[in-house]
1. Report, ordered by the first and then the second residue, all pairs with beta carbons closer than 9 Å, sequence separation of six or more or different chains, a first member in region 73-96 that is within 13 Å of ILE58 (Cβ to Cβ), and a second member that is at pLDDT below 95.
2. Go over the candidates ARG134, ARG141, ARG153, ARG93 one by one and state the one that is within 24 Å of VAL185 (Cβ to Cβ) and at pLDDT below 95.
3. So for region 165-180 (the condition being under 22 Å from GLY220 (Cα atoms) and touching a Phe, Trp or Tyr at 6+ places or on another chain (Cβ under 9 Å)), does at least one residue qualify?
4. Taking only region 194-223 into account, find how many residues are outside any helix (DSSP H, G or I), over 28 Å from VAL27 (Cα atoms) and at pLDDT 95 or above.
5. With ILE4, ILE23, ILE46 as the choices, which residue is under 22 Å from the mean Cα position of the chain (by Cα) and on the phi < 0 side of the Ramachandran plot?
6. Which ranges mark the helices (runs of 4 or more DSSP H) fully within region 1-73 that have 1 or more residues being at pLDDT 90 or above and more than 21 Å from VAL208 (Cα to Cα)?
7. Considering only residues that are part of a helix (DSSP H, G or I) and among the aromatic types (Phe, Trp, Tyr), look in region 74-106 and name the one that is surrounded by the fewest Cβ atoms within 10 Å (Cβ to Cβ).
Amino acid sequence: MTSIELNPAEGLRNPASVALPDIRTKVMAGDVSASLAVHHADIEAIRLSGAVPEPIAIQFETARNLYLYAWHVYRFYMVAKVQALTTLELGLRTYLPDRLPEPYQRPRQKQPMLAGMLGYAIDEGLVRNDGFRRWHEAAERSARQRRSFEIVRTMIDQQLEVIEHDEMEPLEITPEDQRWDLLSVLRESLPHARNKLAHGSTTLTNQVLGTIELVAEILGQLYPTPTNEGQP
């Protein structure tokens, strides 16, 4: 049998190359030294609530480090994503009761799975749309777009060529702007992503920072930082 000759980027690093960026990183990074600092800043900015129990926080830090070192080994991106989702499962399992009611946990299941635990946390109001940065940003974009349409309509109705408008004026965010149900997306997508990767997958992408952020935000809702933390 002829052995498969792997591309050097896929093989074991040697002492001379272990600290070098992956060739795929170099293709996309441009100024590698400057971009590594940005890469680090991106993952360093995603932090857990100080109330998250230490065993869970350690697993989350492992995901952050895997993302950081994916600069050197590109396939660590997918490992970082699996680790983040595994940390989410640990966080939910630690927080929730040992047994959940049906349909979140089937009678023959010894312990609930990620899909059941996440669904239960959502339905019990433990995880909410307003706990996610991207949900607030989507509402703000909707409000900003609506305000732009209203300005244009006013100009048309009043036959104006120019209209004064203060861009710094606070946005009025309405329930219509907040209509996006991010939770319905996460209920399906996060367990699906975890199962697909954990059961074997050839998927390869560096777009995993968003998943790590989502995990941090869910854990932050389960284990919120006390409002008086850091105060004398």
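1. Between residues of region 73-96 that are within 13 Å of ILE58 (Cβ to Cβ) and residues that are at pLDDT below 95, the close pairs are THR86/ALA198.
2. Going through ARG134, ARG141, ARG153, ARG93 in turn, the sole match is ARG141.
3. The first filter runs over region 165-180 and keeps only residues under 22 Å from GLY220 (Cα atoms), leaving 178, 180.
Adding the requirement that they be touching a Phe, Trp or Tyr at 6+ places or on another chain (Cβ under 9 Å) leaves 178, 180.
There is at least one residue in region 165-180 that is under 22 Å from GLY220 (Cα atoms) and touching a Phe, Trp or Tyr at 6+ places or on another chain (Cβ under 9 Å).
4. Keep residues of region 194-223 that are outside any helix (DSSP H, G or I), which gives 199-208, 223.
So of that shortlist, the ones also over 28 Å from VAL27 (Cα atoms) come out as 199, 223.
Narrowing the set further to residues that are at pLDDT 95 or above leaves 223.
The number of residues fulfilling the criteria is 1.
5. ILE46
6. 54-69
7. Residue satisfying both the conditions and the ranking: TYR95.
Per-residue answers, yes or no, for (1) surrounded by 11 or more Cβ atoms within 10 Å (Cβ to Cβ); (2) within 17 Å of the chain's Cα centre (by Cα); (3) not in a loop (DSSP other than H, G, I, E, B):
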{"residue": "ARG108", "(1), (2), (3)": "no, no, no"}
{"residue": "TRP135", "(1), (2), (3)": "yes, yes, yes"}
{"residue": "ALA139", "(1), (2), (3)": "yes, no, yes"}
{"residue": "ARG144", "(1), (2), (3)": "yes, no, yes"}
{"residue": "ARG147", "(1), (2), (3)": "yes, no, yes"}
{"residue": "GLU176", "(1), (2), (3)": "no, no, no"}
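The values are calculated or read from the model by the stated rules, or taken from the named source; none is laboratory data. Given the structure is predicted, the values throughout are model-derived calculations rather than measurements. Neighbour counts are summed over all protein chains in view; Cβ atoms, including those assigned to glycine, are modelled from backbone coordinates with ideal geometry.
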